[in-house]
Amino acid sequence: FLLSSIKGKSLSSMNVLLKKSVRSLPVALQPPGGELLGGVLNTEKTLFTPANPLPRKITYLKQGYVAETKTVTLATEKLSFDLKPANGELLVTSPVGGEVKMSQMAAQKIPARLKLPIGDATVAVSSDGFQSQQIDVSIFQDETTTISPVLEPIAVYRARTAKPTELAPHEIKLTKIV
């Protein structure tokens, strides 16, 4: 457009400072499904437009993973994030010689040090001659959670939980004698 005067004054020249605008950047997110902070991600999750002003810190985070932050400048051509799982440890110290088991994991001899993803989990602790136990634990990032369960001997467990009179097959009554 042509600007010849401002408020009645004629202009011979005018300098206009144009700032480079923020553009959309190709983005690669691993693992998918996290949250990208510091701008807008398109619906296909392939282009990211950082918010002004630049430089700007952009953070990608997902539950169970260590968040990652990068700085975007006008020179940035692509954004790529590859989050690492957030892990902690579970140390099971007793009963020595027993086993600790979790779903999706082979049994481990006790004492055992297990590297696990952060969050809540249930472990089963067992040992020959003792009543096994289910224990709920919380695993925190870069920390060791220690458990030292004391298992109850099976004979004591049965004596404690048996009913005074039980009905056996063919309606035979069994009486508990202690």
Where a residue in the range 103-114 is assigned to a loop (DSSP other than H, G, I, E, B) and surrounded by 12 or more Cβ atoms within 10 Å (Cβ to Cβ) and its partner, wherever it lies, is aliphatic (A, V, I, L, M) and at pLDDT 95 or above, with Cβ under 9 Å and at least six apart: Ile110/Val92; Ile110/Val96; Ile110/Val100; Ile110/Val125; Pro111/Leu91; Pro111/Val92; Pro111/Val96
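For the subset of the range 46-93 comprising residues that are within 27 Å of Ala112 (Cβ to Cβ) and part of a strand (DSSP E or B), which member is farthest from the chain's Cα centre (by Cα)?
The initial filter retains those residues of the range 46-93 that are within 27 Å of Ala112 (Cβ to Cβ), namely 63-66, 84-93.
Still in the running and part of a strand (DSSP E or B): 65, 85, 87-92.
On the way: Tyr65: 5, Pro85: 7, Asn87: 8, Gly88: 10, Glu89: 13, Leu90: 15, Leu91: 19, Val92: 21 Å.
Taking the candidates together, the pick is Val92.
Report the residue count in the range 84-100 for those that are open to solvent by 10 Å² or more (accessible area, probe 1.4 Å) and of a type outside the set (S, T, N, Q). Give the derivation first.
As a first pass, look at the range 84-100 and keep what is open to solvent by 10 Å² or more (accessible area, probe 1.4 Å): 84-85, 87, 89, 91, 93-97, 99.
Right, trim to of a type outside the set (S, T, N, Q) and you get 84-85, 89, 91, 95-97, 99.
Residues that pass the stated criteria total 8.
Which of the residues spanning the range 61-83 are of a type outside the set (D, E, K, R) and buried (at least 16 other Cβ atoms within 10 Å of the Cβ)? Working first, answer last.
Of the residues in the range 61-83, the ones of a type outside the set (D, E, K, R) are 61, 63-67, 69, 71-76, 79-81, 83.
Within the range 61-83, Tyr65, Val72, Thr76, Leu79, Phe81, Leu83 qualify.
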query: Considering only the range 124-160, how many residues are farther than 13 Å from Gly98 by Cα, surrounded by 11 or more Cβ atoms within 10 Å (Cβ to Cβ) and in contact with an Asp or Glu (Cβ under 8 Å, 6 or more places away or on another chain)?
result: 6
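The values are calculated or read from the model by the stated rules, or taken from the named source; none is laboratory data. This is a predicted model, so every value here is computed, not measured. Every residue, glycine as well, gets a Cβ built from its backbone with ideal geometry; the counts of neighbours run over all protein chains shown. Ligands, DNA and RNA are excluded from the accessible area calculation, which covers all protein heavy atoms including side chains. Shrake-Rupley method; radii C 1.70, N 1.55, O 1.52, S 1.80 Å.
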